[in-house]
1. So I179 ticks every box in (1) in a helix (DSSP H, G or I); (2) assigned by the TED database to the domain that holds I118 but one. Which box is left unticked?
2. It is to be established whether one or more residues within the range 257-278 are β-branched (V, I, T), in a loop (DSSP other than H, G, I, E, B) and either in contact with a Ser or Thr (Cβ under 9 Å, 6 or more places away or on another chain) or not assigned by the TED database to the domain that holds V231 (or both).
3. Contact list please: Cβ distance under 9 Å, first residue in the range 328-346 and open to solvent by less than 40 Å² (accessible area, probe 1.4 Å), second residue in a strand (DSSP E or B) and of a type in the set (K, R), pairs at least six apart or on different chains.
4. May I ask you to list pairs of residues, at least six apart or on different chains, whose Cβ atoms are under 6 Å apart, with the first in the range 393-408 being in the same structural domain as K235 (by the TED database) and the second being open to solvent by 60 Å² or more (accessible area, probe 1.4 Å)?
5. For the subset of the range 39-58 comprising residues that are at pLDDT below 95, open to solvent by 10 Å² or more (accessible area, probe 1.4 Å) and in a loop (DSSP other than H, G, I, E, B), which member is farthest from I118 (Cα to Cα)?
6. May I ask you to verify whether Q337 is closer than 26 Å to V64 by Cβ, in the same structural domain as A406 (by the TED database), over 17 Å from the mean Cα position of the chain (by Cα) and part of a helix (DSSP H, G or I)?
7. Looking only at the range 93-106, filter to residues that are under 24 Å from A59 (Cβ atoms) and not charged (D, E, K, R); which one of those is surrounded by the most Cβ atoms within 10 Å (Cβ to Cβ)?
8. Only residues that are in contact with a helix residue (DSSP H, G or I) (Cβ under 8 Å, 6 or more places away or on another chain) and either among the aromatic types (F, W, Y) or over 11 Å from F351 (Cα atoms) (or both): list them for the range 288-305, please.
Amino acid sequence: LQPGSGSRQQEDPLGGAEGLALASDPGSALNFLAMVENLQGDSGRGYYLEMLIGTPPQALNILVDTGSSNFAVAGVPDPDVTSYFNPELSSTYKSQGIDVTVKYSQGSWTGVLGTDVITIPKGIYGSYTINIATILESENFFLPGVKWHGILGLAYGALAKPSSSVETFFDSLVRQAEIPNVFSLQMCGAGLPVSGSGTNGGSLVLGGIEPSLYKGDIWYTPIKEEWYYQVEVLKLEVGGQNLDLDCREYNADKAIVDSGTTLLRLPQKVFAAVVQAIAHTSLIQEFSSGFWSGSQLACWDKTERPWSLFPKLSIYLRDENSSRSFRISILPQLYIQPILSIGENLQCYRFGISSSTNALVIGATVMEGFYVIFDRAQKRVGFAVSPCAEVDGSPVSEIEGPFSTADVASNCVSSISFHEPVLWIASYALMSLCGLILLVLIILLLIPPRCQHGYTDNDVVNDESSLVRHRWK
């Protein structure tokens, strides 16, 4: 570590024994420069990677999603997709005959698991056999105007459906290609229409870090749990002013880094505090509540720059050294997002932040400001300023630190988690046992011994609703 400079790895950014070269020189194990600008898309509809699937190869665009774990492609024609994978045309496709359903915060699909070979034109050299789900039915998953035909889930196997025994795409790549267990992501859409031409650039670097995609230092925060890329948020500031909430509010019930979510999503209490602080700090006297809720756009003359009216937003993350933190900041150019032009004179914008019932999600609104390193080998997520995060030649993102964590709790993340199947089963069993004991005690207390009777269906206490939560994205 360099004093006061964050956790930047100067010699071996992968932290492994491989000693893989950081730069993309001819002698390095991987040519990371070949992966620069291998993504297209926009923050409104997602960033996608071209992939060749099957034999002979069928070319499809695949959405890059760090918030789920299945690799799935359209397997039948769909009104909202221009291409799909036909397994019958691939001599290397093998069906596993296993049905799979995946639900997201918006949309779902059902398909069948199989395996086939894939190659990535601007990715790792070679062909690899990967688990692939062919989507046969979907609801609100493929949307009008999207230019991708499938989804590449890059989170951990714990989220894979129908079970964690399904090896994920990236785990297969690490095993077969023998690359380091790290990938990095840059999405270049700052200040551009969120549902524009879909040709914004971006880079998914598989197996390492490409120096040309960031400037300054890389700051790392630990991955708290390996399912989503769950991190620990310590506090938020609006315009340099601390929201002064209990730090556990920011992590209710998790805080994750998710490229497949378009907005910065905040737990409801945090969202309300952020909106109040932005409204108070901004230079606008009155603002429609529909703008903050996402139901209305705000429009200005195209000659105006409304971003000057809004404050900076900062998220503090715990450093690898737990007594320190660092902050990633986005300027309003990232969260006041152009979305629609009206006539020749008006440009309309949306609010790039929304409320969430079960997570703080660092989505594309924030990620477009940074080069994000998913260092699975050392169980950490890194952030560095992205050179493409500029609007009118000025940077719209910042990283600063270190800061002391003396003013926050030693742990802002609940240690109780019910997302693993084993814990689900155990929680049901314990709740059932507790309910049964409570029921017996109530009966013994309220009913005379001579009048005791056998249990009926009406005696059963059903408390499932307090335990069951949709843990999928």
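The values are calculated or read from the model by the stated rules, or taken from the named source; none is laboratory data. What you see is a predicted model, and the numbers here were worked out from it, not measured in a lab. Positions of Cβ are backbone-derived with ideal geometry, glycine not excepted, and every protein chain shown enters the neighbour counts. What goes into the accessible areas is simple: the full protein's heavy atoms, side chains included, and nothing from ligands, DNA or RNA. Shrake-Rupley method; radii C 1.70, N 1.55, O 1.52, S 1.80 Å.
1. (1)
2. Of all residues in the range 257-278, those β-branched (V, I, T) come to 257, 261-262, 270, 274-275, 278.
Add one more test, that the residue is in a loop (DSSP other than H, G, I, E, B), and what stays is 261-262.
Imposing the further condition that a residue be either in contact with a Ser or Thr (Cβ under 9 Å, 6 or more places away or on another chain) or not assigned by the TED database to the domain that holds V231 (or both) reduces the set to 261-262.
Within the range 257-278 (the criterion being β-branched (V, I, T), in a loop (DSSP other than H, G, I, E, B) and either in contact with a Ser or Thr (Cβ under 9 Å, 6 or more places away or on another chain) or not assigned by the TED database to the domain that holds V231 (or both)), the answer is yes, since at least one residue qualifies.
3. That search, which allows pairs on different chains as well, returns I336/R350; Q337/R350; P338/R350.
4. So the pair list comes out as T405/S323.
5. Of everything passing the filter in the range 39-58, G44 is farthest from I118 (Cα to Cα).
6. Values: closer than 26 Å to V64 by Cβ: yes; in the same structural domain as A406 (by the TED database): yes; over 17 Å from the mean Cα position of the chain (by Cα): yes; part of a helix (DSSP H, G or I): no.
Answer is no for this residue.
7. So the first thing to find is which residues in the range 93-106 are under 24 Å from A59 (Cβ atoms), and the list is 93-96, 100, 102.
Now narrow it down to the ones that are not charged (D, E, K, R): 93, 95-96, 100, 102.
Numbers: Y93: 19, S95: 12, Q96: 14, V100: 21, V102: 25.
Across the range 93-106, the extreme among qualifying residues is V102.
8. Taking the range 288-305 and keeping what is in contact with a helix residue (DSSP H, G or I) (Cβ under 8 Å, 6 or more places away or on another chain), we get 292, 296-298, 300.
If the condition is that a residue be in contact with a helix residue (DSSP H, G or I) (Cβ under 8 Å, 6 or more places away or on another chain) and either among the aromatic types (F, W, Y) or over 11 Å from F351 (Cα atoms) (or both), then W292, W300 are the ones that fit.
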